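Below: the structure, in structure tokens.
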Amino acid sequence: MVANKELRLAVIPGDGTGPEVTAEALKVLRAISELESFTFEMEELPYGGEYYLRTGEVLPEGAIDHLRSFDAIFLGAVGHPDVPPGTLEKGLLLEIRFQLDQYINLRPVKLYPGVETPLAGKQPEDIDFVVVRENTEDLYCGVGGFLRKGTPDEVAMQTAVYTRKGCERCIRWAFEYTRRRNNPKGKRLTLVAKTNVLTFGHDLWDRTFREIAEEYADVEADYNHVDACCMWMVKNPEYYDVIVTTNMFGDIITDLGAMIQGGMGVAAGGNINPQPGGCSMFEPMGGSAPKYTGQGVINPIAAISAMSMLLEHTGHQAAGRRIWQAVQTVTGTKMKSQAAGKMGYSTSEVGDLVVEALREQDQT
Ligand code: IPM
Ligand code: MN
């Protein structure tokens with residue numbers, strides 16, 4: 001009954017405004033599946049802060065194996081003011097990333113037409129790069145502990161874990177991605193790390209990067225320290241094509257990236273398991289924004305862009321590209337701003353505009 005659908009999705013709308021932006025992403029998915037004639041089915045899963053408060057568990061027994069059986073996961077947003085910080089992050093987001101071995105965190109940093117950037121004088125053609133963040137190692141492994149906790153002599157340790165396999169698979173994927181992206185300005189992959197201070201872990205990254213670079217003569221293999229990268233992202237974002245980096249640094253620079261591309265209302269990302277049959281998860285970068293819940297003011301562009309990425313990664317490239325084009329039509333010709341409540345349209349009207357733009361493409 002299931003096998004005849006071309007795309008099987010698990011959808012976790014989540015908390016706060018998560019369900020509102022998810023509804024718009026699904027509206028766009030329905031429209032594009034008709035226009036591009038593919039079938040899909042989805043199962044909505046109730047996980048998130050509300051679910052945790054109701055049941056006392058973040059994910060029930062068997063949830064991970066159930067999720068694994070889908071082609072992909074769409075996540076709206078999780079986060080609830082009554083749930084202690086870290087609970088959903090560790091119990092849901094990181095759990096899914098680690099258990100499903102989604103070892104790539106892919107974050108396009110692209111300024112869409114009509115979108116305001118805080119970087120004076122920068123145009124859409126200047127802000128158009130992609131961050132490939134390693135997504136399963138580093139400080140995110142939860143290795144560490146306390147000694148003499150709660151005393152004046154307390155010691156806390158938090159260990160960064162890097163493995164040859166872990167960095168190699170990420171670096172290799174990034175080289176392949178850079179090659180596929182085929183930037184007409186030249187293919188450049190920049191390793192962002194801190195080899196001058198992290199002389200063990202980032203030495204492993206640097207050596208692995210150089211070794212693999214030998215196999216990709218068509219890609220310029222480049223290196224920036226992470227602090228310098230933050231300067232260049234603000235001063236010369238046009239320098240970058242693709243960045244590959246470690247988990248923690250990637251977390252930090254992708255929030256900087258989200259801001260220069262116009263904010264959390266537009267930034268989307270994917271947690272990718274590139275293995276055949278691997279299950280990947282796509283999400284808007286913004287949180288659950290509880291204070292805007294139910295008002296119809298939250299920006300669904302990031303969620304719709306996440307759906308576009310999901311389709312590109314599940315073999316529906318044309319559908320993904322069309323959504324991405326339609327999003328740019330809407331930001332470029334319709335929306336007044338990308339900020340919640342200032343779009344000039346409600347959340348669902350923005351979804352409608354994207355659908356309209358998709359239909360108009362079909363006629364040309
Ligand atoms: C992200 C988020 C997560 C991370 C948090 C919520 C654990 O900030 O996806 O970038 O740090 O990876
Ligand atoms: Mn983050």
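Please determine, by comparing only the residues of the range 63-79 that are of a type outside the set (Gly, Ala, Ser) and within 18 Å of Pro19 (Cα to Cα), which one is most open to solvent (accessible area, probe 1.4 Å). Show your work before the answer.
Start the filter on the range 63-79 by keeping residues that are of a type outside the set (Gly, Ala, Ser), which leaves 64-68, 70-71, 73-75, 78.
With within 18 Å of Pro19 (Cα to Cα) added as a condition, the list becomes 73-75, 78.
Numbers: Ile73: 0, Phe74: 0, Leu75: 3, Val78: 36 Å².
The selected residue is Val78.
Can you say whether Leu100 is farther than 30 Å from Val161 by Cβ, surrounded by 17 or more Cβ atoms within 10 Å (Cβ to Cβ) and either assigned by TED's automatic domain parsing to the domain that holds Ile304 or within 15 Å of ligand 1 (Cβ to nearest atom) (or both), as far as the supplied structure shows?
Details: farther than 30 Å from Val161 by Cβ: no; surrounded by 17 or more Cβ atoms within 10 Å (Cβ to Cβ): yes; either assigned by TED's automatic domain parsing to the domain that holds Ile304 or within 15 Å of ligand 1 (Cβ to nearest atom) (or both): yes.
Spelling it out, it is not the case that Leu100 is farther than 30 Å from Val161 by Cβ, surrounded by 17 or more Cβ atoms within 10 Å (Cβ to Cβ) and either assigned by TED's automatic domain parsing to the domain that holds Ile304 or within 15 Å of ligand 1 (Cβ to nearest atom) (or both).
Quick one: count up the residues across the range 201-217 that are closer than 16 Å to Thr178 by Cβ and within 27 Å of the chain's Cα centre (by Cα).
Counting residues in the range 201-217 that are closer than 16 Å to Thr178 by Cβ and within 27 Å of the chain's Cα centre (by Cα) gives 6.
Select from the range 177-197 the residues that are under 19 Å from Asp128 (Cβ atoms) and touching a residue at least 12 places away in the same chain (Cβ under 8 Å) and list them in ascending order. Before the answer, list the steps.
Pass one, the range 177-197, residues under 19 Å from Asp128 (Cβ atoms): 177-190, 192.
Within the range 177-197, Tyr177, Thr178, Arg179, Arg181, Asn183, Lys185, Gly186, Lys187, Arg188, Leu189, Thr190, Val192 meet the criteria.
When only residues in the range 133-158 that are open to solvent by less than 50 Å² (accessible area, probe 1.4 Å) and out of contact with any helix residue (DSSP H, G or I) (no Cβ under 9 Å at 6 or more places or on another chain) count, which is nearest to Ile252 (Cα to Cα)?
Checked the range 133-158; the qualifying residue nearest to Ile252 (Cα to Cα) is Gly145.
Would you check which residues across the range 144-170 are among the β-branched types (Val, Ile, Thr) and within 16 Å of ligand 1 (Cβ to nearest atom) and list them? Spell out the reasoning first.
Residues of the range 144-170 that are among the β-branched types (Val, Ile, Thr), as a first pass: 151, 155, 159, 161, 163.
Listed by number, the list holds a single entry, Val161.
Test each condition in (1) aromatic (Phe, Trp, Tyr); (2) under 20 Å from the mean Cα position of the chain (by Cα); (3) part of a helix (DSSP H, G or I) for Tyr51 and report the one that comes out false.
That leaves (2) as the condition not met.
Only one of Glu41, Glu34 is without any contact (Cβ under 8 Å) to a residue 40 or more places away in the chain and not in a helix (DSSP H, G or I). Can you tell me which?
Glu41
In the list Gly56, Gly62, Gly76, Gly86, which residue meets the criterion of being within 16 Å of Ser288 (Cβ to Cβ), at pLDDT 95 or above and not polar (S, T, N, Q)? Before you say what the answer is, go through the steps one by one.
Working: Gly56 fails: within 16 Å of Ser288 (Cβ to Cβ); Gly62 fails: within 16 Å of Ser288 (Cβ to Cβ); Gly86 fails: at pLDDT 95 or above.
Exactly one residue qualifies, and that residue is Gly76.
For residues that are more than 23 Å from Tyr103 (Cα to Cα) and of a type in the set (Gly, Ala, Ser), scanning just the range 208-255, find the one that is nearest to ligand 1 (Cβ to nearest atom).
Ala228
The values are calculated or read from the model by the stated rules, or taken from the named source; none is laboratory data. Computed from a predicted model, the values in this text were never measured in an experiment. Glycine also receives a Cβ, built like all others from the backbone with ideal geometry; neighbour counts cover every protein chain displayed. Just the protein is used for accessible areas: all its heavy atoms, side chains included, with ligands, DNA and RNA removed. Shrake-Rupley method; radii C 1.70, N 1.55, O 1.52, S 1.80 Å.
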